[in-house]
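Input: a single structure, listed below in structure tokens.
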Amino acid sequence: MAGTIEDLERRLAVLRDHFIQDLPQRLSRVAALKPPAAGDWPDETAADLRLLAHSLKGSAGTFGFTELSARAARLERLTAQALTQAGRPSADQKRAIGDAADALAAGGSIDPTAAPAAVPRRPGRATKTLYLLDEDPERSRHLVDQLRQYGYQPEGFATQEALLIAVAELEPVVVLIDGSGEETPERAIAAVTALNADRNPPIPTVLLAGRGDIGARLATVRAGIDVFLPWPAESSELIGRLDLLATLDEREANRVLVLAADPIEADRTAALLERSGMQTRVAPAALRILETLADFSPDMLLMDAALPDCTGVELATVIRQFPVWSNLPVLILASAAEVQRQLALGGPMADDFLAKPVPANRLRAAVAARAEQRRLLRTLIAQDPLTGLLTHRAFDRRIEAELARAARMDRPLTLAILDIDRFRALNQRHGYPVGDGVLRALALLLRRRLRRSDLLGRFGGDRIAILLPETVPDMAEELFDRIRIAFAAMVHGGSGVAVSATFSTGIAAARQGRTAAELVRAAELTLLDAKKGGDGTIRVEVSQV
Amino acid sequence: MSERFPPLSRILYVDDEPDIREVAKIALEVMGGFTVEACESGESALAEALAFRPDLILLDVMMPRMDGPETFSALRRTPGLETVPIVFFTAKAQRAEVQALLELGALDVLAKPFDPMSVAQTVSEIWMRHHGWDD
């Protein structure tokens with residue numbers, strides 16, 4: 001007789017506990033079998049390590065410990081490679097295997113409550129694993145180093161075959177192909193075709209292209225390559241594109257407000273849109289639409305042409321009279337006759353009409369396309385185009401709200417302002433494109449190292465402000481010290497230029513009664529003070545209680 | 001409901017990895033209601049298959065000593081086991097390898113790690129397809 005899911009879950013949980021209990025012992029065996037710092041590493045030991053890694057990969061994956069499984073997969077692959085090649089493993093290979101073994105052994109402190117018993121497995125995404133196909137070892141090593149600076153786990157492959165084997169074991173979050181040494185993208189297209197044939201969803205791909213003409217671009221679009229980037233270019237530009245692809249499935253859902261004459265129909269439409277991943281709200285009544293808009297802040301409005309109190313067109317006109325909603329996409333569902341009538345009126349068609357009944361997939365597509373447009377526009381307005389951080393104005397609006405929240409809840413809130421040391425000299429010496437690249441690199445690094453709840457804004461020039469909720473100044477100082485070290489180690493610039501840069505930081509805390517302007521002023525003064533201390537100085541405002 | 005094909009009831013699961021063996025056995029028994037025997041090597045699979053007479057054998061590809069494909073050939077050469085359907089499990093779900101395993105005569109190739117919640121369903125579907133039911 002077939003049992004229940006609960007029964008299976010209970011029994012799996014017991015097995016999982018056993019796995020966790022045995023894990024330290026197995027990991028210490030990994031450490032014992034890895035290549036020694038000096039001396040011989042017999043094939044039998046390597047074979048044992050390979051089997052152990054294989055077995056850990058499988059069990060960890062089965063029990064939902066994706067990170068651990070990914071680390072074991074890497075160790076298995078490196079070891080298998082060393083075993084199957086003709087000669088003895090090189091010193092470099094042994095070091096790489098040793099590193100992979102250490103990384104696996106260090107993963108032993110897993111939280112037994114964290115992982116579910118059975119999960120869809122995308123460990124490559126979680127670990128930001130990135131594969132690079134590059135036949136030039138020099139370029140490959142250089143790119144791998146750069147990508148690592150930005151928090152990716154990059155791994156280079158010289159051949160398509162080696163890449164495909166690695167992908168079969170662990171799907172990366174993105175595959176990057178260096179075709180910059182080639183006239184045509186044919187090899188890259190062949191690789192992507194082999195990579196993504198029968199794969200759904202496909203792995204996002206980026207091509208660094210040697211030539212950027214329209215013919216090459218068209219060919220890569222047809223092959224399904226997501227990003228075409230003429231190379232060499234700024235590495236920060238590459239990272240920006242990679243980050244977009246890597247976070248595709250983390251983006252917020254589109255928000256759709258639904259208003260229908262019949263409440264049951266409204267609910268049904270909302271449910272249909274929710275099923276395809278959108279977030280919806282059903283508006284209670286046409287005459288209260290303004291409150292609902294302010295409260296829900298939708299990306300688009302979907303409504304009936306005929307409503308109890310007014311028509312959809314009238315309501316859309318009213319909504320557009322308010323500047324904040326003047327470009328809210330509105331989609332009106334109307335009878336076929338009504339759609340004809342509107343077309344015949346021939347006036348400026350601010351709104352889109354769909355004739356009822358609308359097939360579900362058509363409605364989903366129409367709504368998604370319009371909501372997406374609005375969201376893009378919204379981010380473009382609030383974001384500084386160079387760095388992707390909030391604009392000064394957008395930051396100012398948010399800082400007020402955060403201050404009020406911190407005061408109300410009596411929680412700490414810290415503001416840091418930083419700027420790049422001797423930025424003007426850097427621009428003058430190497431040109432503005434290099435300076436822009438440095439600024440963008442800093443913005444990217446900050447976005448990676450900070451939490452989602454932290455606010456980042458560009459205050460013009462090379463000045464960046466960061467608002468850190470739930471953070472006291474000492475914590476912020478530690479945090480920025482780590483970021484300072486990482487940033488100083490980065491190398492910027494593209495073709496022929498290699499520069500490094502530092503930044504200085506001023507930190508100030510929110511206090512009862514302190515306004516936003518006062519807080520910003522305090523952080524700026526502290527930054528000025530830091531600047532006197534030399535490159536890379538971090539200062540915390542001396543509190544005057 | 002009319003029986004359009006022989007029911008799947010007895011499954012032999014072969015895998016050197018004890019954790020996964022246990023998970024597979026429990027998952028197939030609990031969710032699929034199958035009678036499952038599990039063994040840890042290709043060598044033991046031969047003896048077990050003769051004694052247990054499974055309807056279907058699930059075979060891990062990578063095992064020490066006698067691997068999945070070798071076990072497959074040995075089973076095929078054993079009188080009484082020449083035609084028992086065999087499905088492979090592999091962690092290297094690369095197309096070339098899958099193709100090679102299918103050409104060997106495997107019924108299907110499944111990826112490891114598998115989802116314990118759905119593996120029984122997947123195996124049932126393979127069984128139904130094998131018997132010409134593909135609705």
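Descriptive notes on the structure:
- Chain B: DSSP helices with Cα axial extent of at least 27 Å and average Kyte-Doolittle hydropathy no lower than 1.6: none
- Taken residue by residue and averaged, Cβ atoms of other chains lying within 10 Å of the Cβ of B:13-20 number 5.
- Of all DSSP beta bridges confined to the stretch A:376-479, the antiparallel ones make up roughly 90%.
- Within 10 Å of each Cβ in A:53-66, the average number of Cβ atoms from other chains: 5
- Residue-span extension gain [A:Arg288 to A:Asp48] - 0.36 nm each, minus C-alpha spacing: 79.4 nm
- Set of lysines near B:Lys25 by C-alpha distance (under 16 Å), chain-local residues within fewer than 8 positions excluded: B:Lys112
- Summary of the geometry: the stretch A:253-331 and the stretch A:433-474, compared by the centres of their Cα atoms, lie 36 Å apart.
- Mean projected area of the Cα convex hull of the stretch A:59-99, taken over all directions, amounts to 3.0 nm².
- Partner shielding of B:21-31 amounts to 5, given as the average count of beta-carbon atoms from other chains within 10 Å of each residue beta-carbon.
- If R0 is taken as 41 Å, the Cβ-Cβ distance between A:Glu478 and A:Arg95 corresponds to a FRET efficiency of 0.85.
- Label-point gap, in nm, between A:Thr4 and A:Arg88 - each point 7 angstrom along Cα→Cβ: 6.1 nm
- Stretching the chain fully between A:Thr247 and A:Arg514 yields a gain of 92.4 nm (0.36 nm per residue, less the alpha carbon separation).
- Lysine pairs within chain A, Cα separation less than 21 Å, 8 or more sequence positions apart or different chains: 4
- Label positions at A:His142 and A:Arg448, each projected 7 Å from the Cα along the C-beta direction, are separated by 1.9 nm.
- Residues of the stretch B:36-66 with amide N under 15 Å of the 7 Å Cα→Cβ point at B:Leu104: B:41-43, B:45-46, B:57-66
- Each Cα pair under 8 Å and six or more residues apart adds its separation to the average, and for the stretch A:124-250 the resulting relative contact order is 24 percent.
- Overall dimensions of the stretch B:1-96 by Cα: Rg and Dmax, Å: 13.4, 45
- Put in order of Cβ neighbour count within 10 Å, fewest first, the listed residues B:Asp60, A:Asp267 become A:Asp267, B:Asp60.
- Separation in nanometres of the label points that stand 7 Å from Cα toward Cβ, at A:Lys356 and A:Ala158: 6.7 nm
- Fewest neighbouring Cβ atoms within 10 Å first, the residues A:Thr84, A:Thr311, A:Thr205 line up as A:Thr84, A:Thr311, A:Thr205.
- At an R0 of 60 angstrom, the distance between the Cβ atoms of A:Thr317 and B:Arg77 translates into a FRET efficiency of 0.15.
- Sequence of A:Arg26, A:Arg77 once ranked by neighbouring C-beta atoms within 10 Å, starting from the fewest: A:Arg26, A:Arg77
- FRET E, pair B:Asp55, B:Ala96, Förster distance 25 Å, beta-carbon r, rounded to 0.05: 0.25
- Global geometry of the stretch A:257-380, whether rounded, prolate or oblate, following the gyration tensor of its Cα atoms and the 1.5 cut on a/c: rounded
- Per-residue ellipticity at 222 nm from helix content only, as computed over chain A with -39500 (n - 2.57) for each DSSP H run of at least four residues, stands at -17000 deg cm²/dmol.
- When DSSP beta bridges are restricted to pairs lying wholly in the protein assembly as shown, around 30% turn out antiparallel.
- Span per principal axis, largest first, for the Cα atoms of the stretch A:124-250 (Å): 36, 32, 28
- Added length on full extension, which subtracts the Cα-Cα distance from 0.36 nm per residue, A:Arg411 to A:Asp17: 138.0 nm
- Within the protein assembly as shown, the ratio Rg/Rh, alpha carbon atoms throughout and Rh by Kirkwood, equals 1.02.
Each value in this text was obtained by applying a stated rule to the coordinates, not by laboratory testing. Just so we're clear, the structure is a prediction, and the values are computed from it rather than from any experiment. Note: ideal-geometry Cβ built from the backbone for every residue, glycine included; neighbour counts use all protein chains shown.
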